[in-house]
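I have placed the structure first, in the form of structure tokens, so that the comments after it can refer back to it.
The values are calculated or read from the model by the stated rules, or taken from the named source; none is laboratory data. Everything numeric here is computed off the predicted structure, so don't read it as measured data. Positions of Cβ are generated from backbone atoms using ideal geometry, with glycine treated the same way; all protein chains shown enter the neighbour counts. What goes into the accessible areas is simple: the full protein's heavy atoms, side chains included, and nothing from ligands, DNA or RNA. Shrake-Rupley method; radii C 1.70, N 1.55, O 1.52, S 1.80 Å.
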Amino acid sequence: AEYGLPSLHPNPFNSRLTVTLPLDRAADVRVRVFNLRGVPVTTLHSGRLEAGRHQFIWTAAGLPAGTYILKVDRGMQEAVERAVLLP
């Protein structure tokens, strides 16, 4: 695999989610969050990342509780994980 799956901690979460993304080589990466209707909520990263372990913090204060979709795009590869925001 060119990159590992993102891990989300804690999940479910209450306002603050840490996203950890391992890359085995440098790449252009986009890390985005969507609601279940597919509407973009935020972009955590968009640009070049070097090989290694990267962490991003999503602060979801003010957003409604529910399930959100975290999508990581790297070229033709895409990884999707679900995150649950508690009330």
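Only beta bridges with both residues in the stretch 3-87 are counted; by DSSP, about 95 percent of them are antiparallel.
When the GluC sites (Glu not before Pro) in the stretch 20-87 are filtered for DSSP coil states and for at most 13 other beta-carbon atoms within 10 Å of their beta-carbon, the remaining sites are GLU50. Would you compute the Debye intensity of the chain from its alpha-carbon atoms alone, equal scatterers and no solvent, and pass along log10 I(q)/I(0) at q = 0.16, 0.21 Å⁻¹ to two decimals? Summing over Cα pairs of the chain leads to -0.57, -0.95.
Take the chain with all the other protein chains still there, run a 1.4 Å probe, and you get 58 Å² of accessible area per residue. Among LEU17, LEU63, LEU44, determine the one that fluctuates most according to a GNM of the chain built with springs between C-alpha atoms less than 10 Å apart. Among LEU17, LEU63, LEU44, the largest mean-square fluctuation in the Gaussian network model of the chain belongs to LEU63. For the stretch 1-81, trypsin sites (Lys or Arg not before Pro) are listed when DSSP marks them as loop and at most 14 other Cβ atoms sit within 10 Å of their Cβ; the list is ARG25, ARG37.
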